[in-house]
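Each remark here refers to the structure printed beneath this line.
The values are calculated or read from the model by the stated rules, or taken from the named source; none is laboratory data. What you are looking at is a predicted structure, and each value in this text was computed from that prediction instead of being measured. Ideal geometry is used to build each Cβ from the backbone, glycine not excepted, and the neighbour counts take in all protein chains shown. Ligands, DNA and RNA are stripped out before the accessible areas are found, and what is left, the full protein with its side chains, is counted by its heavy atoms. Shrake-Rupley method; radii C 1.70, N 1.55, O 1.52, S 1.80 Å.
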Amino acid sequence: MSIDIQAIQTDLLTARVDGWLFYDFRGRDPIAQRILKLPEAMRTRRWFYFVPVKGTPRKLVHKIEAQALESLPGEIFYYAGLEELEKGLKKILGRANTVAMQYSPENAIPYISMVDAGTIEMVRSLGAKVVSSADLVQKYEACWTDEQLRSHQEAGKAIDIIVRGAFEHAAKCVRERTALTEFELKQWIQGGFEAAGLHAEEGPDVAVGAHASDPHYGPTLETAAPIRKDDLLLLDVWGKLKAPGSVYYDITWIGCLGKKVPPKYAKVFAVVKTARDKAVELICSSASAGKPLQGWQVDKAARTVIEKAGYGKYFFHRTGHNIGEMVHGNGANMDGLETHDVRRLIPRTCTSVEPGIYLPEFGIRSEVNVYIDERSARVTGAVQKEILALLA
């Protein structure tokens, strides 16, 4: 499959950028390789590919790797020595004043910062202003096709059933006084994945008590705690269909292995739920109104709720991440804490919304997926309203 140069040039015109300069050295920029649809080949020397807003693309490759970019259209230039490289780079840039690269000012969005500082300096020394390609990358890395949306929905239906079954299995073991550990429940879920034709590179996260205070806790045979009566049980489960191009579904639910949910748990969950719903409401209302919305703004909506409730220091991760073929995709993250993500939420992308409060003795998180369409947005699965009383 070849790249659509005309589509890229249309996006460059909209972004008011003179061109997009792709660069790589020994596979350091997988984003460039994916967007340009480069086949596997030996590329041990630096290469550049410039797509101008108008006209024919231009490529610069080393003389001993003349075929490095043969799959790409455009005029080709060669170099051997450093001086030739700099002259060749100046030629392919032409009169471009502003060029986009996989770069983020002050590394504000590290997911995009693939080009090293020295190469940025070289491009600037030739008279070009370098701007971030972050929003351009979203268009090519984060937007779903209709088939990908269907794959997300299909995976979601299966995962929702597996999660409900996992809670029921844990409750049954407690009722019957059958020993069950976090790791064993994780294996039970993985068995459900295999039966349903789902794939996940790792996970799921299964945590009780204080283990749920670690947002990335994953039980092992050695670390797993027993699951007992009255325990708080957190399940963070993500997966996708095994078909090529499928995208992830990623949710977190909370249950309590008792007949009633203790007030201390219910109180914290109520705060997390309100924070989650505020973030979702902001995404949906902005999409319906056609109002631009940046990732950090969504994070602020959720974080403000938690801070006002007095739990600010216990919410120490971003509110959400982009979802794609990788569970953490290359689109906008709902982040004003770890980074200041100024990327806009654009149509045909999906994000998690997952605020949490992690106290020393227990942690609470609630996670949903929000898909953004042309003029609307919606949660793609079930929404937890309260902690499940699993023995009720």
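What to note about this one:
- Kirkwood hydrodynamic radius (C-alpha pairs) into Stokes-Einstein, the range 1-143, 25 °C and 0.890 mPa s, D in µm²/s: 163
- Among ASP250, ASP277, ASP230, the sequence by solvent-accessible area, most first, with a 1.4 Å probe is ASP230, ASP277, ASP250.
- Rounded to 10°, Cα long-axis angle of helix 182-196 versus longest principal axis of the chain: 60
- Residue-count net charge about ILE92 - beta-carbon cut-off 14 Å; Lys, Arg +1, Asp, Glu -1: +3
- All C-alpha to C-alpha distances of the chain, sorted into 20 Å bins beginning at zero, yield P(r) values of 26, 48, 23, 3 percent in whole numbers.
- Backbone N atoms of the range 242-260 closer than 17 Å to the 7 Å Cα→Cβ label point of HIS199 belong to residues 242-250.
- Protection proxy ranking of 25-32, 296-303, by the mean of other Cβ atoms within 10 Å over each peptide's residues and highest first, is 296-303, 25-32.
- Once all protein chains are placed together, SER246 keeps about 10 Å² accessible to a 1.4 angstrom probe.
- More than 14 Å apart - percent of Cα-Cα pairs taken over the range 70-162: 75
- Taking 15 Å as the straight-line reach from the Cα of LYS63, the aspartates and glutamates in range (excluding those fewer than 8 positions away in the same chain) are GLU75, GLU83, GLU84, GLU86.
- Between ARG228 and ARG16, the contour length at 0.36 nm per residue exceeds the Cα-Cα span by 70.4 nm.
- The protection proxy used here, the mean number of other Cβ atoms lying within 10 Å of each residue, ranks peptides 61-69, 232-240, 78-86 as follows, highest first: 232-240, 61-69, 78-86.
- Of LEU390, VAL342, LEU359, farthest towards positive along the dipole that unit charges on Lys, Arg, Asp, Glu beta carbons give the chain: VAL342
- The range 60-124 and the range 270-298: distance between their alpha carbon centers, rounded to Å: 38
- Among the listed pairs LYS54/LYS91; LYS59/LYS90; LYS186/LYS260, those beyond 18 Å (Cα-Cα): LYS186/LYS260
- In the context of the full set of protein chains, residues of the chain present 47 Å² of accessible surface per residue (probe radius 1.4 Å, heavy atoms only).
- For the range 204-278, size of Cβ-based charge dipole, Lys and Arg +1, Asp and Glu -1, in debye: 420
- Between the residues LEU136, THR181, ILE161, the greatest Cα displacement towards the positive end of the dipole of the range 122-185, with unit charges on the Cβ of Lys, Arg, Asp and Glu, is found for LEU136.
- From its DSSP helices (H runs of at least four residues, each -39,500 (n - 2.57)), the chain gives a residue-normalised ellipticity at 222 nm of -11000 deg cm²/dmol.
- Accessible carbon and sulfur surface of the range 298-370 relative to its total accessible area, %, 1.4 Å: 55
- Residue order by solvent-accessible surface for ARG34, ARG343, ARG46 is ARG34, ARG46, ARG343, largest first, with ligands and nucleic acids left out and a 1.4 Å probe.
- Charge tally around GLY356: other residues with Cβ under 15 Å, Lys/Arg +1 each, Asp/Glu -1 each, net -4.
- Counting DSSP beta bridges with both ends in the chain, the antiparallel % (nearest 5): 75
- Debye, to nearest 20: dipole size of the range 262-392, +1 on Lys, Arg Cβ, -1 on Asp, Glu Cβ: 340
- Dipole magnitude of the chain, debye to nearest 20 (Cβ charges: Lys/Arg +1, Asp/Glu -1, about Cα centre): 800
- Interatomic Cα distance distribution for the range 274-373, bins of 10 angstrom, percent: 17, 53, 26, 5, 0
- Considering the range 213-324, its Cα convex hull presents a mean projected area of 10.0 nm².
- Taking only protein heavy atoms and a 1.4 Å probe, the accessible area of the range 1-147 is 50% carbon and sulfur.
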